[in-house]
Amino acid sequence: MIRFEYPWLLLLLLVLPALLAWRARRPRTRPAAVLWSTLAGLPGGGLRGWLVQFARVLPWAALALAILAAARPQQGIQQSEVDSRGVDIVLAIDISRSMSAGDMGGGTRLDVARATARDFARGRPHDRLGVVGFAGTAFTQCPLTLDHETLVSLIEGLNFGLAEDGTAIGMGLATAVQRLKESRTPSKVAVLLTDGENNRGAIDPLTSADLARALGVKVYTILVGRPSVETVTVDDPVRGRIQAQMNVGVDERPLIEIARRTGGRFFRAGDASTLGGVYSEIDRLERAPIRSLVYREYRDLGLMVLGAAAAVLALLSLSLSTWAFRAP
């Protein structure tokens with residue numbers, strides 16, 4: 001990075017073309033030192049002609065370099081340091097078999113969950129993130145880290161069969177909270193994503209929510225997937241027993257209660273774009289102040305440029321005392 005301490009002095013460079021024009025139009029009033037009866041014998045072109053033109057440019061080049069030196073060019077090194085209070089976030093993602101349903105667009109529910117989690121992680125370079133997977137049991141896929149490239153690759157590794165089937169929401173949340181237990185950051189967040197109801201595990205979801213609240217962990221809960229349609233038989237007072245189509249959804253009340261107890265929010269995502277919007281909303285809500293400190297160090301190049309100007313003047317002086325502008 002190059003800068004000038006006195007950049008306004010560079011305006012003097014604009015004067016050089018005017019001086020050149022004035023010098024070219026100025027009448028030559030000095031009498032000739034030597035009178036020649038004819039100029040036919042003098043070499044006017046070729047290499048010598050080019051050298052003479054080069055010598056004429058040297059004083060102007062020296063003057064331009066002197067102006068540059070007066071402006072004090074400086075070469076600098078700029079370094080930035082980010083001072084952030086940060087947010088520690090653990091993503092708890094359901095990998096039960098029901099997440100293989102393809103009702104959200106863009107692949108299975110798990111495919112969409114992985115893709116949006118990757119985008120979320122890449123958008124928070126200054127925060128520590130971790131990943132927990134859960135089905136019938138829960139496990140830590142990635143502890144809290146700032147190495148988001150490794151985190152993204154481990155998110156890709158989340159798949160069916162890594163845990164026995166089932167939906168242990170309480171275990172998944174408890175594992176995420178455990179990952180945040182030792183965190184010293186002011187903001188600790190767990191994002192719990194599932195498509196079902198708790199049916200496995202030794203810890204009840206609301207018990208895990210109370211644990212999260214006690215440790216100062218805010219929980220955002222996300223229910224993904226569309227309600228399924230089932231055919232049921234009902235008794236109609238007029239038509240008797242008939243079959244009807246009903247939307248059978250997941251009981252979302254436990255997820256709502258988890259979010260309420262911990263100060264988070266509950267979201268419902270029925271497709272990929274909605275889930276992306278949910279993560280964007282969480283990203284907006286959980287932002288910590290970031291202060292960037294910039295350090296600059298500069299090395300003055302003015303003496304080097306002035307030395308170049310002196311070298312050009314020395315070359316001009318040598319040329320004038322030897323071959324330039326002299327008759328053969």
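The values are calculated or read from the model by the stated rules, or taken from the named source; none is laboratory data. Not measured: the values here are computed from a predicted model. In this analysis, Cβ positions are derived from the backbone assuming ideal geometry, glycine residues included, and neighbour counts consider all displayed protein chains. These area figures cover heavy atoms from the full protein model, side chains too; ligands, DNA and RNA do not enter into them. Shrake-Rupley method; radii C 1.70, N 1.55, O 1.52, S 1.80 Å.
Phi-derived couplings, Karplus 6.51 cos²θ - 1.76 cosθ + 1.60 at θ = phi - 60°, listed residue by residue for region 190-202: 10, 10, 9, 10, 8, 10, x, 9, 5, 9, 9, x, 8 Hz, with x used for Gly and Pro. Extension gain, L13-Y298: 0.36 nm per intervening residue step, less the Cα-Cα distance, totals 100.2 nm.
Apolar share of the accessible surface for region 175-217: 46 percent from carbon plus sulfur atoms, 1.4 Å probe. Taking all protein chains together, F4, F134, F139 sort by accessible area into F4, F139, F134, largest first [probe 1.4 Å].
Ligands, DNA and RNA excluded, the heavy atoms of L19 present near 70 Å² of accessible surface to a 1.4 Å solvent probe. Taken one residue at a time, the phi angles of region 137-144 give Karplus couplings (6.51, -1.76, 1.60, θ = phi - 60°) of 10, 10, 8, 8, 7, 8, x, 4 Hz. Gly and Pro are set to x.
Residue ranking by accessible heavy-atom surface, 1.4 Å probe, largest first, among R25, R287 comes out as R25, R287. Computed from the C-beta positions of D210 and T145 and an R0 of 35 Å, the FRET efficiency is 0.80 to the nearest 0.05.
Distance between the C-alpha centres of region 161-175 and region 121-151: 16 Å, rounded to the whole angstrom. List the residues, sorted by chain then number, that are 5 or more residues from I203 or on another chain and whose placed amide H is less than 5 Å from its amide H. Hits under the 5 Å cutoff: M171. Ranked by solvent-accessible area (1.4 Å probe, protein heavy atoms only, all chains present), the residues K188, K218 order from largest to smallest as K218, K188. Label-to-label distance for A310 and A21 is 3.5 nm, based on points extended 7 Å past Cα in the beta-carbon direction.
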